[in-house]
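Single-structure report; data block below.
The values are calculated or read from the model by the stated rules, or taken from the named source; none is laboratory data. Source: prediction; values computed, not measured. All Cβ positions, glycine included, derive from the backbone under ideal geometry; neighbour counts span all protein chains shown. Please note that ligands, DNA and RNA were not included when accessible areas were found on the heavy atoms of the full protein model with its side chains. Shrake-Rupley method; radii C 1.70, N 1.55, O 1.52, S 1.80 Å.
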Amino acid sequence: MTIPVRQLKSHSGETVTVRGWLANKRRSGKIGFLQIRDGSGVVQTVISRADVSEEAWEEVKRATQESTVRVTGIARVDERAPGGVEIQATDFVVRSLTEDYPITKKEHGTAFLMEHRHLWLRSSRQRAALAVRSEVCQAIRDFYYERNFTLIDSPILTPTSCEGTSTLFATDYFGEQAYLSQSGQLYLEPACAAFGKVYCMGPTFRAEKSKTRRHLMEFWMVEPEVAFLDFEGAVRLAEEFVGYLAGRVLDRCADQLAVLERDVSKIEKVTGSFPRITYREAIEILQKEGKEIAFGDDFGGEDETILANAFDQPVFVTHFPVDMKAFYMQPDPEDSELSLAMDLLAPEGYGEIIGGSQRIHDHDLLLERLQQHELPIEPFQWYLDVRKYGSFPHSGFGMGIERFAAWMCGLGHLRETIPYPRMLYKIYP
RNA sequence: UCCUCGGUAGCUCAAUGGUAGAGCAAUCGGCUGUUAACCGAUUGGUUGGGGGUUCAAGUCCCUCCCGAGGAGCCA
């Protein structure tokens, strides 16, 4: 009977068949140790020449790294085996022989591995990171499902820029210019009036020529948007959300975090409420650290790291100057020069993982802001309609899934947290 | 777009301006408990492309291409 490697421990003593790919082989004249990966896990198979036919032993000699193989034998618990269970083989066959597999057991540079991303996916660290990503995505779905949010997928092909600033990927739309979406938020706001609590999760595109470990041209973002939720509510939702996701990763990805050699104590600190500082306080902290930064300046990557390192937990920075942020953000009722905006900075230098705000619900103020930003009114008419027909206060935020996953995994670069990263000038494979 | 560093065997890297090398991989042989197994042997090169300086260039100069890191911008 074919058994997934993951379930082998519960079949100890039984004769089982495993099929998969040969991850590694060590062989002497009379005994072989084969690490076989089947997608659910990796198991060591022990083959003694005396126990198998001459044909099967020839197959052991012939088998190369990443050949497709099938082994039959007795599963047994043995502490000498990686993973604690192994198969004592009675038969072994190569189903498809691999020759000249590019990724060897020794070290490779990232550039080489990225050229072979389709094969690199098979390696243990990559499988661990992508499994964490998968768990994060599932946890996101569960979080919003359990709280009665409705999934509203926003369009990827859009007629205009959402915020008017970022560089977009342009494409031809039957003779008209269309752009790949850089945010689903504007399309979520009308849906709030239909469903109250909504979210979207999908790919987002930025054509900026960024070339750093914190950037991808194509990345995934989850964006909740809630009717009648004020700024304080949005901060609390973000806090609860991040805490929930971190808890899920700790609960269900212990094996992956071990492979990634992640210091889980850093993630275990992510509980309860997160510290909050205002933008003004953040500037003061940076100035005390000797940074030359003034009120009104944006944070650089180094600034974010300084701020984040001042706390164990993720830290909210709130109340940014109005003209630093997007046109739709609600001004602070106590100081109209500030907006009810927040960024959440992850610890350990992982940077901004969440950005959000309360949205302007007053029609005339939003119109004024569009004009101030020199944005055309006509393409945003539908967006203004949200404020025209039964306006309501509402708030939301967006979280970058790769940045969150990179933080959980302790990876220095976003590219390993997405199966096929799209980076500056790099779109292969 | 700008700044910095880099490109030598399939991979990771050495090589004062003076004969292009090692480890791993591959191939062959040996080894009954290996953990990136180990041991021996063999194979493997238009030194990213083009131009220049020089008796002589992997090495110095110019230029282009490609890669890595960072800045700006952002999630």
Phi to ³J(HN,Hα) by Karplus 6.51 cos²θ - 1.76 cosθ + 1.60 over region A:370-379, Hz, x for Gly, Pro: 4, 5, 4, 7, 6, 9, x, 7, 4, x
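Sorted from largest to smallest, which semi-axis lengths in Å does the alpha carbon gyration tensor of chain A give for its equivalent ellipsoid, taking the root of 5 times each eigenvalue? Let's see the in-between values first.
Details: eigenvalues 501, 102, 83 Å².
Sorted largest first and rounded, they come to 50, 23, 20 Å.
Residues with beta-carbon under 14 Å from that of A:GLN313, excluding A:GLN313: net charge, scoring Lys, Arg +1 and Asp, Glu -1? Walk me through the numbers on the way to the answer.
Numbers: positive: A:LYS266, A:LYS269, A:ARG276; negative: A:GLU239, A:GLU240, A:GLU268, A:ASP312, A:GLU348.
Within the 14 Å Cβ shell, the charges total -2.
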The set of residues whose placed amide H lies less than 5 Å from the amide H of A:SER339, leaving out same-chain residues fewer than 5 positions away, is A:PHE320, A:VAL322, A:ASP332
Report the relative contact order of chain A, percent, no decimals, based on alpha-carbon pairs under 8 angstrom and at least 6 residues apart. 14 percent
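Would you mind classifying region A:112-184 by shape? Square roots of the alpha carbon gyration tensor eigenvalues, ordered a ≥ b ≥ c; an a/c under 1.5 is rounded, otherwise it is prolate if a/b is larger than b/c and oblate if not. Write out the running numbers ahead of the final one.
Working: a/c = 3.10, a/b = 1.29, b/c = 2.41.
Oblate, since a/c reaches 1.5 and b/c is not below a/b.
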Projected area, mean over directions - region A:237-392, Cα convex hull, nm²: 11.8 nm²
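Taking K and R as +1 and D and E as -1, what net charge do the other residues with C-beta under 9 Å from the C-beta of A:VAL93 add up to? Walk me through the intermediate numbers first.
Working: positive: A:ARG70, A:ARG95; negative: A:GLU55, A:GLU59, A:ASP91.
Net charge around A:VAL93: -1.
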Residue by residue, what Karplus-based ³J(HN,Hα) values in Hz, rounded to whole numbers, does region A:48-59 have, using 6.51, -1.76 and 1.60 with θ = phi - 60° and x for Gly and Pro? 8, 4, 5, 8, 10, 5, 4, 4, 5, 5, 4, 5
Relative contact order for region A:200-347, counting Cα pairs under 8 Å that sit 6 or more residues apart, in percent: 18 percent
Round to a whole number: what % of the accessible area of chain A belongs to carbon and sulfur, probe 1.4 Å? 49 percent
Quick one: compute the contact order of region A:5-96, relative version, from alpha carbon pairs under 8 angstrom and 6+ residues apart, as a percent. 33 percent
In Hz, Karplus ³J(HN,Hα) per residue of region A:265-277 (6.51, -1.76, 1.60; θ = phi - 60°; x = Gly, Pro): 4, 5, 7, 5, 6, 7, 9, x, 9, 9, x, 10, 10
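May I ask for the net charge around A:ILE31, where only other residues with Cβ less than 11 Å from the Cβ of A:ILE31 are counted and Lys, Arg are +1 while Asp, Glu are -1? Don't jump to the answer; show the numbers that get you there.
Numbers: positive: A:ARG26, A:ARG27, A:LYS30, A:ARG49; negative: A:ASP51.
That works out to +3.
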Long-range amide H partners of A:ALA207, meaning residues 5 or more apart or on another chain whose placed amide H is closer than 5 Å, are A:THR167, A:LEU168, A:PHE169
What base-10 log of the normalised intensity I(q)/I(0) is obtained for region A:5-96 from the Debye formula, alpha carbons as equal point scatterers, at q = 0.13, 0.18, 0.19 Å⁻¹? -0.34, -0.68, -0.76
Which residues' amide hydrogens lie under 5 Å from the amide hydrogen of A:ALA23, considering only partners 5 or more residues apart or on another chain, with H built in the peptide plane? A:GLN35, A:ILE36, A:ARG37, A:GLU66
Of the DSSP beta bridges with both residues in chain A, give the percent that are antiparallel, rounding to the nearest 5. 90 percent
Per residue, what accessible area does region A:5-96 have, given a 1.4 Å probe and all protein chains present, in Å²? 49 Å²
Given the peptides A:272-282, A:358-368, arrange them by the average over their residues of other C-beta atoms within 10 Å, most packed first. A:358-368, A:272-282
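For chain A, what does -39500 (n - 2.57) per DSSP helix run (n ≥ 4), summed and divided by total residues, give at 222 nm, in deg cm²/dmol to the nearest 500?
Working: 13 runs with 131 residues, N = 429.
So the helix-based figure for chain A works out to -9000 deg cm²/dmol.
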What pairs from A:LYS30/A:LYS106; A:LYS9/A:LYS30; A:LYS288/A:LYS325; A:LYS197/A:LYS426 go past 28 Å between their alpha carbons? A:LYS197/A:LYS426
